[in-house]
Amino acid sequence: MKHFLDLSDWSSQELHHLIQLAAHLKFEWKSGGNKPVLGGKTLGMIFQKPSLRTRVSFDVGMQHLGGHSIMLGPSEIGLGKRESIADVARVLSSMVQGIMARVFEHQHVLELAKWSSVPVINGLSDDRHPCQAMADMLTIYEHFGHTEGLQLAYIGDGNNVAASLALICANFGVDFTIASPEGYELPDATVELAQQAGAITIRRLRDPLEAVQGANILYTDTWVSMGQEEESAERVQAFKKYQIDTELVASASPDAVVMHDLPAYRGKEITDEVADGPQSVIFQQAENRLHAQKAILVHLMS
Ligand code: CP
Ligand code: NVA
């Protein structure tokens with residue numbers, strides 16, 4: 001049985017298959033509807049953090065595929081507090097056919113998978129956001145018609161989103177450059193995993209302007225991730241030169257698109273002008289969560 005916890009558990013071939021499946025399911029949905037391949041199946045969704053896109057895409061995705069989902073928020077199960085993760089996993093997996101979990105510690109999603117008798121999907125942990133990266137690569141593929149040889153510049157925090165993005169880029173031949181302030185770099189271990197996954201160039205820089213030279217894709221994420229709220233003031237200070245604004249966009253390749261996983265803190269990591277500008281694909285990217293998530297569900301649960 002396979003889980004979807006980290007992209008480094010999946011081969012390039014499997015990830016390419018998933019992106020093709022997502023594109024197919026999107027086309028099928030827009031041509032009249034998906035086949036009910038998950039008819040009668042239930043996805044249990046554990047959320048220890050807030051969510052719009054992840055929650056709605058998995059819930060609606062299950063409906064499109066003929067199944068349904070159950071939402072389990074932090075106050076409902078108290079993962080690891082009211083009940084141990086091992087017990088939650090064993091009970092839940094005796095009643096549902098798949099589990100999607102958004103957690104703080106990455107270890108907790110690994111622990112769920114260890115004890116679950118059904119596939120577990122990582123819907124974001126402090127270290128990874130693999131479902132987001134799938135939607136991102138689908139968007140890049142749709143926009144450019146190919147992925148090999150493209151250059152992506154990520155401006156900001158070397159966080160969960162950046163880590164999964166680096167891994168998906170490695171699998172699809174997209175060169176990955178990240179510009180981060182001191183203390184917020186992409187970890188060495190993630191760079192090593194990405195280098196093992198594909199022969200791409202990975203650069204870690206300080207200067208956003210240097211990072212975007214020749215880039216076909218500019219990407220950013222919040223400076224303050226969920227769970228880091230008390231570091232907010234020092235982070236806003238550290239990242240203040242790491243904003244994607246029109247000047248930075250103008251320094252990238254003229255064909256560049258701008259991406260953001262959302263939610264966006266407009267006026268912080270991205271300006272309104274860029275987020276709503278002609279080069280932004282952020283809402284296509286958000287919509288693609290639905291189609292990318294359906295591919296993961298079909299692959300693991302049908
Ligand atoms: N991008 C993303 O995961 O959004 P949510 O936090 O709203 O699910
Ligand atoms: N890095 C962000 C992503 C939100 C989808 C966070 O973890 O809060």
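Centre-to-centre separation between the Cα atoms of region 168-213 and those of region 64-114: 32 Å. Between ILE70 and GLN20, residue separation times 0.36 nm minus the direct Cα-Cα distance comes to 15.2 nm.
Heavy-atom accessible area per residue, region 1-153, 1.4 Å probe: how many Å²?
Details: 6590 Å² over 153 residues.
It amounts to 43 Å² per residue over region 1-153.
Going by the alpha-carbon gyration tensor, a ≥ b ≥ c the square roots of its eigenvalues, is region 108-194 rounded (a/c under 1.5) or, if a/c is not under 1.5, prolate (a/b greater than b/c) versus oblate? Oblate. Applying 1/(1 + (r/R0)^6) with R0 = 30 Å to the Cβ-Cβ distance of SER11 and ASP188 gives a FRET efficiency near 0.85. Rounded to the nearest 0.05, the FRET efficiency derived from the C-beta distance between MET226 and GLU148 at R0 = 25 Å is 0.15.
Listed peptides 120-133, 193-206, 90-103 appear in the order 120-133, 90-103, 193-206 once ranked by packing, highest mean of other Cβ atoms within 10 Å at the front.
What FRET efficiency comes out for the pair ARG206/GLU273, r = Cβ-Cβ distance, R0 = 25 Å, nearest 0.05? Can you show the working numbers first?
Numbers: r = 25 Å, r/R0 = 0.98.
That pair, ARG206 with GLU273, gives E of 0.55.
Computed from label points 7 Å out along Cα-Cβ, the spacing between SER117 and ALA199 is 4.6 nm. Between MET1 and ALA250, full extension at 0.36 nm per residue minus the direct alpha carbon distance yields a gain of 85.0 nm.
Sorting 75-85, 253-263, 269-279 by their mean Cβ neighbour count within 10 Å, with the most densely packed peptide first, gives 253-263, 269-279, 75-85.
Within the chain, what whole-number % of the accessible surface is contributed by carbon and sulfur, with the 1.4 Å probe and all protein chains included in the calculation? Let's see the in-between values first.
Details: 6450 of 12380 Å².
Carbon plus sulfur share of accessible area: 52 percent.
Counting lysine pairs in the chain that sit 8 or more residues apart in sequence, or on different chains, and whose Cα atoms lie under 25 Å apart gives 23. Per-peptide packing, taken as the mean over residues of other Cβ atoms within 10 Å, places 215-225, 24-34 in the sequence 215-225, 24-34 from highest down.
At 1.4 Å probe radius, can you tell me the per residue accessible area of region 227-302 in Å²? Intermediate values should be presented prior to the final figure.
On the way: 3470 Å² over 76 residues.
In whole numbers, region 227-302 has 46 Å² accessible per residue.
The values are calculated or read from the model by the stated rules, or taken from the named source; none is laboratory data. As the structure is a computational prediction, the values presented were derived from the model and not from experiment. Note that we place each Cβ from the backbone using ideal geometry, even for glycine, and neighbour counts take in every protein chain shown. The accessibility values were calculated without ligands, DNA or RNA, using every heavy atom of the protein model including side chains. Shrake-Rupley method; radii C 1.70, N 1.55, O 1.52, S 1.80 Å.
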